[in-house]
Each structure stands twice: as C-alpha cells, then as structure tokens.
Amino acid sequence: MLLSESESEYKLSLTHQPKKSTLIKNTSAILVTNLSKYVGEGANKIEILNGLNLQVAQGESLAIVGSSGSGKSTLLALLAGLDVPTSGAVEIGGQPFSALDEDARAAMRGGQMGFVFQSFQLLPTMTALENVMLPMQLANKKDAKQLAIETLEKVGLAERLQHYPKQLSGGEQQRVAIARAFAPQPAILFADEPTGNLDIATGERIIELLFSLNQAANTTLILVTHDVQLAQRCGRTLTLQHGQLSAI
Amino acid sequence: MMLNLKLAWQQLRSQWQAGDLRVLLLALVLAVTSITAVNFFTNRISAHLNNQGGMLLGGDAVIIADHAISQKYSAEAKQHGLQASSTLEFASMAINSDKNQLAEIKAMDDKFPLVGDFGVQFSAEKTVRNVRARPAKGEVWIEPRLANALKLKLGDQLELGAIKLKVAGILLREPSRGGDMFSFAPRVMMHMYDVPATQLIQFGSRVKYQLVLAGDAEKLKQFIGKMTPKLQRGERIEDVKTARPEIRSALDKAETFLGLSAMVSVVLAIVAMLLASAPFVARSQETAALLRCFGASKANIENIMLIQTALLAAIGGLAGCLLGYLVQFGLAHFAGKLFLENLPAPNLTPIAVGLLLSFAILFAIMLPHIRALKNIPTIQILRRNFVLNPSRLWLNYLPVITVITLLIFLLAKTFTLALAFLAGIFVICLVAGVLAYCLALVLHRASQSKAISNTIGLGMDNLKRRLGLSIAQIIGFSLGAMVLMLLVIIKTDLMQSWQSSLPVDAPNRFIINIQQNQVAPVKTLIRQLDVNQASPQVFAMIRGRLVEKNGQPISAEMFTDERAKRLVSREFNLSSTAVMQADNKLLQGRWWRADEAAAPLLSLEQGIATTLNIKLGDTLTYDIAGSKITLTVTSLRKVEWDSMRANFFAVTPPETLAKFSASYMTAFYLPKSQDDVLNSMLQQFPNFTVIDVASMMNQVRDIMSKLSIAVSFVFGFCVLAGVVVLYAALVATRSARLQEASLLRAFGASRKQVSLMMLTEFVSIAVVASIVAVLVASGLSYYLSRFVLDIPYQFNFLLALSVLAIALVLIPLAAWLVIRGYLNVAPKQLLNSI
C-alpha cells in the first residue's frame, strides 16, 4: 500500500477564491467543428475521429467516455492542441486554436489550460512546490510562488512543499499534479484518466478534490475516462464511439 | 533565460542521480583526458624550444658546419655588431687509468655561452651554481654519468687523447643539449685552447663546428639575410625559431603518433557517448513533451537542451583537462627526458584545446537529439510511447563523423596519413566486426546444444539477440586491447630479434678514426684479442658529398623525403674493397672484376638507392675534399645492418679512391675481461674512437622501454575507452535487461539463475573480444614484422592468455557493476518500475 498518509485529513480551504478567467465571455469555452483525425493512408487508413462536433460552455464539466482505443485521448489531445486534426477546427474562447502553429498553441496552453494526467507526470528533478510553479513560470507569472504555495495548501500538502516526487505517495503525487493544474487559474482543465493509477479509495478522494476545486474556480473541465461512475460526477457525459460523440 | 538555466541544471542534476549521465560524462572526460595529456606533454617541449631557443643554442643564432668555419663569417658578424663565439663538438674516448668511455666533447672559446648558462657543481658540497662560463684552460667539466663510469671525482685527471685535464666541475645542466635520445654518450666540456694538444681531431674525424652569434635582433636578421645565400655545402644557420631541428622533428612525429593514438580512445569514447546518450535523451523526451504541454515554446526546449549540453561539455572538459594535466606528468617522466632534460611547466593552451574538443564532441552528438526534441510531438505525453530515435538516421551521425574526421586531419597533419589512419580504423573495425559476428553465430549454435544448460544457453544466445550492441561492445574492448598488444608484441619481438640475430662472436666494438699508419698495429692487436680473426678487415673511409647525378647537380630541395634531404646535405662515407662483404647480397648488377680494381665503379646499398632514386647505370659525382670523382653504379646490394659488422652504403673497387686521403675503421669482437688490452691500445692510439655496441644497444633498449611506457599511457586510455563502450552499451540496454530480469524472476527464475545467465553473456563477450583482439593484433604484428620491420614473427601465446584473463575479469566486472542493483530486487518492484 503506497498510501501511508491520511488522505482524508487535508482540508480544502476555499477562503481564497481563484480569479475566474476573464478571457472567455459570452461565448463557448470550446467549439469543435467537423473535427476529423485519420492515421495511415490508403487501405491502411484508420479513422479515429470522423466529423465530430462539440460545444462546451464556460464552467461546464464534461466527461468523455468510451472503450479503449475509441479515440478519447486523441480527442483530448486535439482539444488541448497537443495534436493537429486532419480536418475541422477547434476554437478556444471564440478564437481559432487548431489552426495556430505549434508554438502559438503552446503559449495558449500555458496561459489558459491545465492538465491532470493518469501517470501524474511530475518532474522528478523538482520539489512539489517547483512542479506546481513550473507552468506559471513558463507563462512568466510574477506571483507564481505565492500561488503555488496557496494551491498546495489547498490540496493539503502544505507540509510537503519541499518534497520530491519520489518522496511522495501516489495519491500525494496526483494532488501535486492537481495543484499544478489549478494554480495558474486556467480557463479549461483537461484530465486524462486522473484516477487510473490509483487505488479506489485514493482515487475517490482525488476526484472529490478535483471537483471541489473545479467548482470553486468555475473552470471548464474536460474529463476523459472509461469509468462511467466517475463520468457521472460531471455535468454532462458524452460517449465516443466510431469517431463520433453521442450523449448517454 | 534564468528559468531555462534553472530547469537545465535541475534536470541535469536529476539525470546524474538517476545514473543516465555518468557514462556519457565518463566517456567525455576520457576523450578529453587522452587528447589533453598528449597536448600538455608536447606543448611543454615545444614551449621550451620556442621560449628558450637562445638557451638551446647558447646564442641567438648559430652557423653549423661539418668543416672548419671560415673566418669570413666571424668577421662579417663583427661588422654587423654581433658577438661571435666558436665551439667544436666531436666524439672521443675519455679515459681514467684502466677505464674508458665514449664521450661527446664540446670545446668552446672564451666567450661561450653568449646566451644562457650552465648548472655546474664545483665542490663536493653538491651545491649547483648557474654560471655563464666555460672550463678554464687545462680543465674539464663532465656529466655525472661519465664521472660514475670512469670513477672520477672533482680534482681527478681525465685523459683526453694525448693530454690529461683536471676535472674542475660536474655538469648538471646544459640547456644547449638535448636529452638522452640525441646524446648517447656523456658530455665533456673543455676549453678550445686544449683541443690541438689532445691530437684528437685528425683527418676524417667527424666534427661539428659552430659559430654562435648573439646581438640585436634586427642586426642579426640582416646578417642571416645576407649570409644565408652565401652558405657553403654542409653549412646551415639555425636561429631561436629553428633551433634543434632534430628535437623538433622527433617532437613532431611524437605529437602525430601520440595524437593519433589518443584519437583511437577518442573514437571509442564517442561510440560510448553515442550509446550512453540514449537513456539521457529518452528521459529528456518526457520532460520536453511535458514542458511543451505546459506551454513551453520550441525555443525553450532548445535552450534548455543547449544549456545542458554546454554545462556537460564544460564539466567534462574541465575534468578531462585536469586529468590530462596529471597524466602528462607520467608522459613527461618517462618520455620527456628523451627530448629535453628540464621541461618547463605547461601553459594553458591545452586547456583551450580540451574544452574545445569537449564542446565539439558533445554538441556533435547532442545536436541531432536537440533538433528532434525541439519538435517532439506533445501528444506523446498522453500516449507515453516515446518512439523518437534520431540516432537511427545516418544523417544524425554526420556531425560526429565530421568532428572525428576533422580531428584526425588536424592531428595527422598530412592528408595521406589521415586517410591511412581513417582507413586503418575502418578496416580494423570491419574485420573485428565480421569476426565478432561469426563468433556470435558460433555461440548461438553452441547454445542450442543439449550439453549446455538452459540458463547458460540463454546467456550465450544473448550475444546474438542484441547483435549490434554486442558487436559494438566486442569491437570497443578488442580495439583497446589490440593496440596495447601490438605495442607489447612489437617491442618484445624487436628486442628479441635484435638479440637473437646476433651471433655470439658478432663484433661488439667498432673503432673509427684510425689513421693510415695505424692500420697495421690495429690488425695485430685485433689478432691478439680474437683468435678467430686471422685477418681482421680494416676499411678505408673517405668522406665525400654527393653533388651530381647523371651530370645534373643534386640538392636537398629536390627531395621531399627527410632522409633523402639529410643524405644529400651531409657527407657520405665511401669505402673501397675488392671482395663484397660476406653478409651482403647482390640484388642487381654485377660485382667488379679483378682487372677493374681502379675503375670508377660504385656499389650502392639498395635502401639508399631507393631513397635517392638512383638506378643501376646512373653516374654519381662525389666531391671529396674539393676534388670531384664520377662513379657509375654497377651494383645494388642488400646489407644486413643488424649483423653489427662494418658495412657501407657506397663501396668502390679497391684502388678507385687511392688518391684520396682516408681514415679507417674496423669492427671486432672484444672478449669479456679483455678491456685492459683495449685500454692499452687507446693509450697507444688516443685518437681512436671506440664504440661499445653492447652499451649502445642497452641505451637503445632503455629508450625503447621508456618510450613504450609513455605510449602505454596513451594506449591505456584506449583500453579504458573500450571498457567504457562496454559499460555504455550496458547502460543503454539497462531498462530492457531490467524487464528481462524481472520477467524471468516473475516466471520463477532464481536470483542465481538470472545472475548466471547474465554472467554467461558477458563471459561470452569477453571470450569473443579477446579472440578478436588476439587475432587482429597478431595479424597486424605479423604484417609489421614481416614487411615493415623485417624481423621474424612469433605468436605470443602468453600475451594472448593474459588478454583473455584480463577480459574475463574486466568485462563481467563492468557488467556486474551495472546489473547488480536489480538482482536483489523483488520481481514485483521491478515490474512496477518499468
């Protein structure tokens, strides 16, 4: 059992309300039009996404479920600008996103998006605090350290600021990852199977934390999972099947 | 920028802790060390030559001649406002009662040295005084080794030719003299005034005459400009920049040889670095993808990687320079004194070279990775399938290949040598690779045998399963072992062959400077000494300079070969004989008939004829003491120089040179405990110069062993680099091996079984690598013995066994160091960590 500390002991302090993003107003947080992604060519061509449309409102929480290989991660990658579509477009906050070049998308990600990955993806070279500061430093935020400390306190890791990932349990590492995602006060948070590497009890606590932070910050949440129960915590759940999204 | 710097440093630190960087850095340090050690060493010698050229000459410039220097030169020097001083150098016997020793005499006038000083001990108190002085009339200064050989102390009398001189000083430092390599005999310094009374300089004596000059640089330049066109044959001017050309030439060769030897370890280290960069790059991929995900730009990623590379290059470069600095002490200790007795402290140039090399190598290796990392698809962070492997594209090796080629061309200095070196390395690697491949297949076949246990069979088969890496490991280790083996084989064979090719009664003493009226008594004496020599041969030696070939003037400028230039610019020893020496072999043409005793014919040694491009039937004109004689080449001979008998490059019929004055020489066997007869002969004929072949051989042996120790230092790096290649390949396959080990453990294999399997793999690599090293080194040494050195080849079984033993210890040990960590871990933990 990797969880040695009492995960339930952390207190979620919401006295400090993160600023809501001012970028996205009166418009969809995400607008996807006719999005397709193919790989291979000719007879080997595989259609992963096929003319997919999606609109996500600001502050909405959306779960995308589907079986393994259905293209969930591909869709998440396209929404986050980690990959480019074969055709179609993604708009973020009313601005074209998928048509931007790699660096421009990276800059936009840095300013407005947060990520929580299944395998935590903390940099082993950095302390918990440094890991949380990193996206803000990349975006040149001046109060990066203060924000990072505050957010780590919120996820109950005030005592673990100077610990390195290898000194933390799996649950603690994911909490650092969540703090890293929320600290820059992103407009959109992408979560890819956030409990996939955790045991059930820890996973549940992590989900609680994720949703409460999300609610407090009014962040748009896109959650990709194959766990239907987890998906039900979101305001809306869509299933990805044969390259198309459909409501459950 | 600060963030990039911080991120770069943090990641570097973590990668170091994870062990990804250690081999990369170790290989880099090794490459820089081997190059800087050689550079520091050669730098010290050339710094000494350049900075203290004046000290080496005893003045600012010197006119050197093989004949007495005309008074016109010193008069002209005085007119230019320059100081001038004359010196003479020649070899002669130094005697103290019943002991004698060949010495190099330097006689000087009242003004020498014009620049620099000597370190001399004048009293028994052992204090050394630096003096700009010379021995007084009637006195000598001698080197300690002569004092030891002749049991002389301060105040004793030393017999030089016809006179006795008082030992007034022990000469401990003489900047104007090279080290042991260029001076076989110890030094005796005397005043010029005493030279005639010694009667040592007689007709045919080989004497180096020098007019040393010093003064205002501009005036000296004018003088040199004016006199250079007027120099006669056998005369040359050296100034501080061209001082001691023999040392410069030897240094140049040493620099090239040691540099290229070091290059073998650099090439191996680069192979190790290419292998070791894989885990470093793999981890950097994850970080780069994550950073991109958080909004880092391509430029951010590029900068972080560039900073990391620069930091690594700086750390590796500085560490390599420091180690190179320490290693050069070893080189200087063993080989430095062969060049110069007192080497100055090294300057900082090699540090710049080392750092430059470090940056060049590391950037050449990392740039393709940096380019790929910059463009890493960020989606990989979600998929965790890092497939980026830029090292698979041959284009990615281009920077490394370019750097290696440039380095080789810089070190080799000539295009041909660089090409030969590149081709040599390529062919050796190819041969070693093919051999390794074949042996891996043999092991694969053997592993299928029922006689071999499954665990051992799996281990043996691992060689074939990771064929590319196994071959790289085998080549890496065997290349290092090969160069060391070659050195040992050649040195041992050369020594043994010299000793064994000499018959027991081969001549062990040469006497030169015999005058015509001394020929008969010398023959009588030799007959007394050696009953086997009923009619001892005494050969005439007539010194003549080759001036024309087929009626066309011949000069040093017409040749590119250094030996040819040297042969043309100095005097030849011509000899005459009716019958060809028994150990000579006629290769072309015919020997003269009895009726051609006075005919203008010439027989040349094959080697010299090839060097000077002389063919049968060519006419050669020699200038002998101002008179010319033209001779037709009628035969070419092969001469066994190592027979230690008297032999000559150019021989004429017995009467052809009768009209010229000659000095004579002979070679004979002096039985042990007959030294007193030789001493009495020397007392009777003080002008004789006796060369003790045995002691000269000992000196050659001593020089060779010093040189080979120095070279072993550099070659040692090749072996180390070979082991690092092995280590790097292990580190590169660590995660695959980890997975393999954990799966095997999960399937029920015991720790012992897994260890045995891996041990078998590395024992197999050790065996194959030793076989490859032994086969290739033996093939190369056979070729060198047979075709280059002309000595009999003998397979060195003991050496082959030693290489196998060393490989069997080193290789499994290096492997164990890498894999020991995960042999004790529980399988579940291993699987979790993959």
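The values are calculated or read from the model by the stated rules, or taken from the named source; none is laboratory data. Keep in mind that this is a model prediction, so the values were computed, not measured. Here the Cβ is made from the backbone with ideal geometry for all residues, glycine too, and neighbour counts use every protein chain on show. What goes into the accessible areas is simple: the full protein's heavy atoms, side chains included, and nothing from ligands, DNA or RNA. Shrake-Rupley method; radii C 1.70, N 1.55, O 1.52, S 1.80 Å.
Beta carbons within 10 angstrom, averaged per residue: use that to sort the peptides B:802-811, B:546-555, A:196-205, highest first.
B:802-811, A:196-205, B:546-555
Can you pull the mean other chain C-beta count within 10 Å for peptide A:72-85?
Partner-chain Cβ atoms within 10 Å, mean over residues of A:72-85: 3.
Accessible area of B:K230, 1.4 Å probe, to the nearest 10 Å²?
Here the accessible area works out near 100 Å².
B:K126: which lysines have alpha carbons under 16 Å from its alpha carbon, excluding same-chain residues fewer than 8 sequence positions away?
List returned: B:K153.
How are the alpha carbon pair distances in the protein assembly as shown distributed across 10 Å bins from zero to the largest one, expressed in percent?
For the protein assembly as shown, the pair-distance distribution reads 2, 8, 14, 15, 14, 12, 9, 8, 7, 6, 4, 1, 0.
Counting only helical runs of four or more DSSP H residues, what would the 222 nm mean residue ellipticity of chain A come to if each run contributes -39,500 (n - 2.57) and the total is spread over all its residues?
On the way: 7 runs with 76 residues, N = 248.
Roughly -9000 deg cm²/dmol at 222 nm, from the helical runs in chain A.
As a quick test, which of the pairs B:K72/B:K565; B:K549/B:K659; B:K78/B:K221; B:K78/B:K230; B:K628/B:K659 have an alpha carbon distance above 19 angstrom in this structure? Present the calculation step by step, with values, prior to reporting the outcome.
Numbers: B:K72/B:K565 27 Å; B:K549/B:K659 22 Å; B:K78/B:K221 14 Å; B:K78/B:K230 17 Å; B:K628/B:K659 12 Å.
Listed pairs above 19 Å: B:K72/B:K565; B:K549/B:K659.
Using a 10 Å cut-off on Cβ atoms, rank the peptides B:310-320, B:72-82, B:768-778 from the highest mean neighbour count down.
B:768-778, B:310-320, B:72-82
Tell me, what ³J(HN,Hα) does each residue in region B:353-358 have, in order and in whole Hz, if you take phi through Karplus 6.51 cos²θ - 1.76 cosθ + 1.60 with θ = phi - 60° and put x for Gly and Pro?
Result, rounded to whole Hz: 4, x, 5, 4, 4, 4.
Describe numerically, in nm with one decimal, the distance between label points set 7 Å from Cα along Cα→Cβ at B:R570 and at B:S750.
According to this spin-label approximation, the distance is 7.4 nm.
Between 0 and 90 degrees, rounded to the nearest ten: what's the tilt of helix A:144-154 against the longest Cα principal axis of chain A?
80
Can you work out the FRET efficiency for the pair B:Q606 and B:Y793, with r the C-beta to C-beta distance and R0 = 30 Å, to the nearest 0.05?
On the way: r = 22 Å, r/R0 = 0.74.
Plugging the Cβ-Cβ distance into 1/(1 + (r/R0)^6) gives 0.85.
Across peptide A:97-104, how many C-beta atoms of other chains are within 10 Å of each residue C-beta, on average?
Mean number of neighbouring Cβ atoms from other chains: 2.
By accessible area of protein heavy atoms, probe 1.4 Å, what ranking do B:R563, A:R105 get, highest first?
On the way: B:R563 80, A:R105 10 Å².
Largest accessible area first, the list is B:R563, A:R105.
Assigning unit charges at the beta carbon (Lys, Arg +1; Asp, Glu -1) and nothing else, what dipole magnitude in debye, to the nearest 20, does region B:534-668 show about its Cα centre?
On the way: 16 positive and 14 negative charges, 6 e Å.
The dipole magnitude comes to about 20 debye.
Sorted by mean Cβ packing within 10 Å, highest first, what order do the peptides B:149-156, B:8-15 take?
Descending packing order for the listed peptides: B:8-15, B:149-156.
What's the average, rounded to a whole number, of partner chain beta-carbon atoms within 10 Å of each residue's beta-carbon in A:116-122? Write down the numbers at each step before the final one.
Numbers: counts 0, 5, 2, 4, 0, 9, 1.
Going residue by residue through A:116-122 and averaging, the value is 3.
What residue among A:Q55, A:Q229, A:Q118 shows peak mean-square fluctuation when chain A is described by a Gaussian network model with Cα springs under 10 Å?
A:Q229
Would you list, by chain and number, the lysines whose Cα falls below 18 Å from the Cα of B:K638, excluding same-chain residues fewer than 8 positions away?
B:K585, B:K615
So for chain B, averaging the separation of alpha carbon pairs under 8 Å that are six or more residues apart and normalising by length, what relative contact order in percent results?
18
Using Cα positions and a limit of under 13 Å, work out the aspartates and glutamates in reach of B:K298, with same-chain residues fewer than 8 apart set aside.
Partners found: A:D101, A:E102, A:D103.
If one computes the Cα centroid of region B:23-67 and of region B:156-170, what distance in Å separates the two points?
That distance is 37 Å.
Given a Förster radius of 56 Å and the C-beta distance between A:N53 and B:T560 as r, what FRET efficiency does 1/(1 + (r/R0)^6) yield to the nearest 0.05?
Numbers: r = 81 Å, r/R0 = 1.45.
With R0 = 56 Å, the Cβ-Cβ based efficiency is 0.10.
How high is the FRET efficiency from B:Q222 to B:A658, r the C-beta distance, R0 41 Å, rounded to 0.05?
Once the sixth-power term is evaluated, E becomes 0.30.
So what is Rg over Rh here for region B:95-241, counting just Cα atoms and using Kirkwood for Rh?
1.00
Taking the Cα centroid of region B:684-702 and of region A:45-80, what is the distance between the two, rounded to the nearest whole Å?
About 94 Å separates the Cα centre of region B:684-702 from the one of region A:45-80.
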